[in-house]
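Bear in mind these aren't lab numbers, they're just calculated from the coordinates by the rules spelled out. These numbers were taken from a predicted model, which means no experiment stands behind them. Here the Cβ positions follow ideal geometry from the backbone for every residue, glycine too, while neighbour counts run over all protein chains shown.
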Amino acid sequence: MSDHLLSQLSALQAVVAADCQILHDSQDPEFQKRLARWTDIDRKVPAAIVLPRSEEDCVKTSSIPFVAKSGGHSPWSTIGAEGFIIDLTLYSDVRVNPDGTATIVGGILAKQVSVCLAEAGLFTALGNGNSVGAIPYFLGGGGSITNSITGFGSDQILIEVTEETRSDLLWAVKGAGQFFGLITQLTVRTHSLSALRKQQGLVWVGAFVYPLDRAAEVVPVMKQIMDDPRHATAGLMMAIAPPPARTPSLVVSARYTGDEAPEVPFKALYDLQPVATTGRDLPIQNVSDDREALCAKGDFKRFGLVGLHEFSVEAFLQATEVWKRLIHECPDAINTTFNVQWDSRPVKTPERESAMSSHDIRYWQVNIIWHTDVKNRRKTRYVDFQNATRTGPIQRRYRGEARLKKLRQLKRVWDAQGVFTRQLLD
Ligand SMILES: Cc1cc2nc3c(=O)[nH]c(=O)nc-3n(C[C@H](O)[C@H](O)[C@H](O)COP(=O)(O)OP(=O)(O)OC[C@H]3O[C@@H](n4cnc5c(N)ncnc54)[C@H](O)[C@@H]3O)c2cc1C
């Protein structure tokens, strides 16, 4: 650690509360535990990890070069010996307010929010990953299976104080919030569980499994289901080799929020006689539990998310060929999945325009490259993520020249030094 950082560290230690832990021994098991991330790609070791328990300590810490970490699922909550990580794990809370909104605090995770809301008969837009940090999810846009009922995660953000006085900043926070500051608390919209299946907050969760070599037969049938807005279906169609048999398969991981029997919206899939099917009604807060394995920390993983206006059967079939090649060439990449995420109904139109520019997107290509052998880092790179909506060029993420211009102007006002990344400055 440089002398300068060392003196900043001592100064910080003197001003934060006694219960604000500061870890600086990188060999300490606690330090190692806090350093775990969803992906080990480019994971760096910081000079220190600070664990504030209050908003005041978050503010005091931010005088030092830092990155914030909530759930640790992005490739960005990492910094080298030149700075600190502010790990928000111990500063986290969620509460339902008397007006029915919810306040989420610090490093609270998606599952903790959905459980708390369900206890109050409520839900909000939350994604597939139980251990994803709720605040970064909302700030970054936030897609979920309830997009058509709730809108995106960013559409839920309400900031009472700034709604009138700092409306431009609120506009930017909804979709680009992680580039504008460390958000200690967010107030978000909630919705009654009665908007979901059987008015009980239920979601039908099922899977249809076919051998991958039947993809040319199954995918066109799926396209019809994806394009049929009469039934409120959503989910993922995946090229995957699920454990334990690891047989290359086409798995439709389906969700249904309507009231009819699942045999109605998914009749065509049952008629194709899958090798296995599962299905049950689950409370919304438990819907992502079967995807916990995807949230595991460690290994080399990349998340490629590309927004699509049309779903092309041919493009998906080609993608399954790329997937097969990758698994064949790199057996350690067996956990890799190529997926398309659909919602049969359009995203709810937001009340206000914001930095989030994906409301017209119908489908998402969601590919997860996941391998364990460092020697295959280069080989797995041939999968092209240049078009990725979140990790690719900023122009893909914030579409429209006027939107990007406004974001760049606001960045110069609120973070001219690039404390919260150089995105939108360079
Ligand atoms: C398995 C998996 C499933 C996913 N499912 C979905 C999904 O269904 N829908 C969807 O939209 N996205 C999904 N994502 C993407 C996920 O929402 C984003 O990657 C999100 O940014 C991760 O948040 P985190 O807190 O877990 O990560 P972190 O790495 O801790 O944080 C993410 C970013 O936000 C910054 N940050 C952290 N806390 C704060 C804060 N309080 N204020 C400001 N900035 C902060 C970090 O510095 C970093 O840049 C998924 C990702 C994974 C790995």
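Things to note:
- Separation of the range 262-334 from the range 36-50 is 28 Å, based on Cα centroids.
- Rounded tilt (10° steps) of 3-15 against the dominant C-alpha axis of the chain: 90
- Mean separation of Cα contacts under 8 Å, 6 or more apart, over the residue count of the chain: relative contact order %: 15
- Fraction of beta bridges assigned by DSSP in the range 3-87 that are antiparallel (%, nearest 5): 30
- Extending 7 Å from the Cα toward the beta-carbon at both residue 374 and residue 96 defines two label points whose distance is 4.9 nm.
- Ranked list, fewest to most other Cβ atoms within 10 Å of each Cβ, for 41, 135, 240: 41, 240, 135
- With a Förster radius of 35 Å applied to the C-beta separation of residue 224 and residue 402, the computed FRET efficiency comes to 0.40.
- Backbone amide hydrogens, once placed in the peptide plane, bring residue 249 within less than 5 Å of 212, 240, 241, excluding anything fewer than 5 places away on its chain.
- Estimated from the Cβ-Cβ distance and a Förster radius of 30 angstrom, the FRET efficiency linking residue 10 and residue 297 is about 0.45.
- Helix 401-414 axis, angle to the chain major axis (alpha carbon atoms, nearest 10°): 30
- Listed values for the range 205-213 are Karplus-derived 3J(HN,Hα) couplings in whole Hz (6.51 cos²θ - 1.76 cosθ + 1.60, θ = phi - 60°), namely 10, x, 9, 10, 10, 10, x, 5, 6, and x replaces Gly and Pro.
- Shape of the chain, Cα gyration tensor, a/c cut at 1.5: prolate
- Value of relative contact order over the range 202-395, rounded to a whole percent, pairs C-alpha under 8 Å and six or more apart: 28
- By DSSP, the beta bridges lying fully in the chain are antiparallel in about 90 percent of cases.
- Estimated [θ] at 222 nm from DSSP helical runs (n ≥ 4, -39500 (n - 2.57)) normalised by residues in the chain, nearest 500: -7500 deg cm²/dmol
- Residue order, fewest to most surrounding Cβ atoms within 10 angstrom, among 411, 33: 33, 411
- Placing pseudo-labels 7 Å out from each Cα toward the beta carbon at residue 395 and residue 31 gives an inter-label distance of 4.3 nm.
- On Cα atoms only, tilt of 313-329 relative to the major axis of the chain in degrees: 70
- Gyration tensor verdict on the range 3-87 (Cα atoms; rounded if a/c is under 1.5, prolate if a/b is larger than b/c, oblate otherwise): prolate
- Gap separating the Cα centres of the range 94-156 and the range 11-29, nearest whole Å: 30
- Of 324/375; 348/411; 267/301; 111/174; 174/198, pairs whose Cα-Cα distance is over 24 Å: 348/411; 267/301; 174/198
- Listing 396, 246 from fewest to most neighbouring C-beta atoms within 10 Å gives 246, 396.
- For residue 321 and residue 263, a Förster radius of 30 Å and the Cβ-Cβ distance give a FRET efficiency of 0.40, rounded to the nearest 0.05.
- Amide proton proximity set for residue 197, modelled H, under 5 Å, gap of 5+: 202
- Label zone at residue 194, where the point sits 7 Å out along the Cα-to-Cβ direction: the range 81-116 residues whose backbone N lies under 16 Å: 100
- Entry note, the range 118-203: relative contact order of 32 percent, from Cα contacts under 8 Å with a spacing of 6+ residues.
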